[in-house]
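Student: If you scroll down you'll find the structure; I have some questions about it.
The values are calculated or read from the model by the stated rules, or taken from the named source; none is laboratory data. These numbers come from a predicted model, not from an experiment. Cβ: placed from backbone, ideal geometry, glycine included. Neighbour counts: every protein chain shown. Quick note on the areas: whole protein, heavy atoms, side chains included, nothing else; ligands and nucleic acids left out. Shrake-Rupley method; radii C 1.70, N 1.55, O 1.52, S 1.80 Å.
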Amino acid sequence: MGDTVKKKWYQRIPNTYIILFVLVCLAAILTWILPAGEYIREAVEGVNKLVVVPNSYHTIESQPAGIFDVFKAIPQGFAGAVSIIAIIMFSTGAFTVINRTGALEAGVGVLLNRVRKGRMPSIVVIWIICFLFAALGMIAGPEIQIPFTTISVAIALGLGYDIVVGLAMIMGAGYTAFATAPVNASLLGTAHSIVGLPLFSAFDFRTIMWFVYTVIVCIVISIYATRVKKDSSKSYVKGIDTTGLGFSKDVSEYKINRRQIWVLLVILFLFVGIVVGSSQFGWYLDEMSALFIIAGIVAGLVYGLKVNEIVDGFLEGFKNTASVALILAIARGIQVILDNGKIMDTIVNALSAPLADLPPALSAVGMFIATMIIHFFIPSGSALSVTVMPIFAPLATVLGLTQQTAVLCMQLGAALPNIIYPTIGAMIAMCGLAKVPFAKWLKFSLKLFLATVVLSIIFILIAVQINLGPF
């Protein structure tokens, strides 16, 4: 019998479905261990969700989850994630129609061919793509970026890299930008409204952060990409089938016709609609889903596809995202168990209470770490904001920290872990679309996450030192 090769830790991680279901079971076990409790919540002008009343936590009658509740949490999680599932299905359907025109593949192929002829280093292309997704991440949440996953992956494969590089360009850059964005409406805007700060104040400070973080992300991706291009055996995803993700021929063979140009213009208008709609009109998942439906139909029509072919394209897209929808349902089931078991507020209270005994600088870092931990249980950034900011705001005053510093700690902690937490539906969905197993992505993203955590602590300490304001 031959010697067996010992698997590394990341090779022993189970299937994503198993990981998530185990987390649902663990959440159910916690409802039997932790005391049930809740904060009083009240409506606040300018905030569209109920806000926690500070120092109002109190215990209530225990409501532990049973075995049947564990399985019921999955369809309930599906219902809770229906808007995210909808945008994934409709956007995938739209891009399936667009892919049938060949416009997107031809357009990217022609672009990469010109890059090759112009002798532009492929690493420079990575930086350009990262900064483009970082710009989108400033105003658009992770869910809005999901449909562009396959585009990023196709570019990476066309440049001679692997699917991890493609996923990292959009998720690493886009999610990090969301964490540092100076104009993030759902996360930063909500927090500023709760504590009474001018909307999107400290713009200059956060813009510098956004730029520095994006540069760090580009460096981390470039190091891995260069290693993979020199030796493909170094790829974390070697051996994984990428059929349907890359190009069907060499980029030098691509040409684009007039009808395909019209399709590309539809994609451009779609992108503009996402940016303008989310930044100017407060559009979110439902409105974005509508945009993708319109874009898919219009793209098919201008290219000359028959109505039945357009419908078939949408149906094929729906079929290909069925597994992603199940993953999202199970992931959201974790939050369902914690909410129904009335222990979510107990966890928040237990993590925030010890911060009052720390020095100002350490308490600020503690707020950041506590937010990251709480974020595992509350995946929604806006929901996390209305839960912890009413607690952090008075705590910051007692500790001598500015309200802006407290918001900064929450903002960073509520978004940076998005690239590693299996409870983040958008991240799991993007891994599925890119065909990158969660274990493989975690091997790469942990390095990126640790780099941004260290950077976050530095910026938080700077904010404490300069009394980041206006107050």
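Student: For L442, only one of the following conditions fails: (1) assigned to a helix (DSSP H, G or I); (2) within 23 Å of Y17 (Cα to Cα); (3) open to solvent by less than 20 Å² (accessible area, probe 1.4 Å). What is its number?
Tutor: With respect to (1) assigned to a helix (DSSP H, G or I); (2) within 23 Å of Y17 (Cα to Cα); (3) open to solvent by less than 20 Å² (accessible area, probe 1.4 Å), L442 is out only on (3).
Student: Could we say that T423 is within 19 Å of the chain's Cα centre (by Cα) and either in a helix (DSSP H, G or I) or farther than 16 Å from V453 by Cβ (or both) here? Spell out the reasoning first.
Tutor: Values: within 19 Å of the chain's Cα centre (by Cα): yes; either in a helix (DSSP H, G or I) or farther than 16 Å from V453 by Cβ (or both): yes.
Spelling it out, T423 is indeed within 19 Å of the chain's Cα centre (by Cα) and either in a helix (DSSP H, G or I) or farther than 16 Å from V453 by Cβ (or both).
Student: Scan S222, S201 and give me the residue that is open to solvent by 10 Å² or more (accessible area, probe 1.4 Å) and either out of contact with any helix residue (DSSP H, G or I) (no Cβ under 9 Å at 6 or more places or on another chain) or assigned to a helix (DSSP H, G or I) (or both). Lay out the reasoning, then the answer.
Tutor: Details: S201 fails: either out of contact with any helix residue (DSSP H, G or I) (no Cβ under 9 Å at 6 or more places or on another chain) or assigned to a helix (DSSP H, G or I) (or both).
Just one listed residue meets the conditions, S222.
Student: Could I ask something else about it? Is there a residue in the range 320-328 that is under 17 Å from F148 (Cβ atoms), touching a residue at least 24 places away in the same chain (Cβ under 8 Å) and either open to solvent by 10 Å² or more (accessible area, probe 1.4 Å) or assigned to a helix (DSSP H, G or I) (or both)?
Tutor: Pass one, the range 320-328, residues under 17 Å from F148 (Cβ atoms): 320-321, 324.
Now drop any that are not touching a residue at least 24 places away in the same chain (Cβ under 8 Å), which leaves 320-321, 324.
The next check asks that each one be either open to solvent by 10 Å² or more (accessible area, probe 1.4 Å) or assigned to a helix (DSSP H, G or I) (or both); those that pass are 320, 324.
Scanning the range 320-328 turns up at least one residue that is under 17 Å from F148 (Cβ atoms), touching a residue at least 24 places away in the same chain (Cβ under 8 Å) and either open to solvent by 10 Å² or more (accessible area, probe 1.4 Å) or assigned to a helix (DSSP H, G or I) (or both).
Student: Among the candidates T96, T59, T92, single out the residue that is among the polar types (S, T, N, Q), open to solvent by 10 Å² or more (accessible area, probe 1.4 Å) and either out of contact with any helix residue (DSSP H, G or I) (no Cβ under 7 Å at 6 or more places or on another chain) or over 30 Å from L315 (Cα atoms) (or both).
Tutor: Details: T96 fails: either out of contact with any helix residue (DSSP H, G or I) (no Cβ under 7 Å at 6 or more places or on another chain) or over 30 Å from L315 (Cα atoms) (or both); T92 fails: either out of contact with any helix residue (DSSP H, G or I) (no Cβ under 7 Å at 6 or more places or on another chain) or over 30 Å from L315 (Cα atoms) (or both).
On inspection, the qualifying residue turns out to be T59.
Student: (1) part of a helix (DSSP H, G or I); (2) within 14 Å of the chain's Cα centre (by Cα); (3) within 30 Å of K238 (Cβ to Cβ); (4) among the polar types (S, T, N, Q): which one isn't true of T452, the others all being true?
Tutor: Going through (1) part of a helix (DSSP H, G or I); (2) within 14 Å of the chain's Cα centre (by Cα); (3) within 30 Å of K238 (Cβ to Cβ); (4) among the polar types (S, T, N, Q) one by one, T452 breaks only (2).
Student: Being modelled with pLDDT of 90 or more and either surrounded by fewer than 20 Cβ atoms within 10 Å (Cβ to Cβ) or under 22 Å from the mean Cα position of the chain (by Cα) (or both) narrows it down to one of A429, A361, so name that one. Talk me through it step by step, then tell me what you get.
Tutor: Values: A429 fails: modelled with pLDDT of 90 or more.
The match here is A361.
Student: Let me ask another. Tell me, which residue of the range 28-84 that is in a loop (DSSP other than H, G, I, E, B) and small (G, A, S) is nearest to I337 (Cα to Cα)? So that I can check it myself, show each step before the final result.
Tutor: Taking the range 28-84 and keeping what is in a loop (DSSP other than H, G, I, E, B), we get 34-36, 39-40, 43-50, 53-57, 60-66, 81.
Right, trim to small (G, A, S) and you get 36, 43, 46, 56, 62, 65-66, 81.
On the way: A36: 12, A43: 25, G46: 30, S56: 22, S62: 13, A65: 7, G66: 10, A81: 14 Å.
Filtering the range 28-84 for residues that are in a loop (DSSP other than H, G, I, E, B) and small (G, A, S), the one nearest to I337 (Cα to Cα) comes out as A65.
Okay, residues lined up against (1) hydrophobic (A, V, I, L, M, F, W, C); (2) at pLDDT below 85; (3) open to solvent by less than 10 Å² (accessible area, probe 1.4 Å):
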residue	(1), (2), (3)
V110	yes, yes, no
R114	no, yes, no
R119	no, yes, no
W127	yes, no, no
M138	yes, yes, no
A154	yes, no, no
G158	no, yes, no
I163	yes, no, yes
M171	yes, no, yes
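Student: Test of understanding: among L285, L291, L301, L264, which residue is in contact with a helix residue (DSSP H, G or I) (Cβ under 6 Å, 6 or more places away or on another chain), more than 28 Å from V124 (Cα to Cα), of a type outside the set (S, T, N, Q) and open to solvent by 30 Å² or more (accessible area, probe 1.4 Å)? Working first, answer last.
Tutor: Working: L285 fails: open to solvent by 30 Å² or more (accessible area, probe 1.4 Å); L301 fails: in contact with a helix residue (DSSP H, G or I) (Cβ under 6 Å, 6 or more places away or on another chain); L264 fails: more than 28 Å from V124 (Cα to Cα).
L291 is the lone residue from the list that is in contact with a helix residue (DSSP H, G or I) (Cβ under 6 Å, 6 or more places away or on another chain), more than 28 Å from V124 (Cα to Cα), of a type outside the set (S, T, N, Q) and open to solvent by 30 Å² or more (accessible area, probe 1.4 Å).
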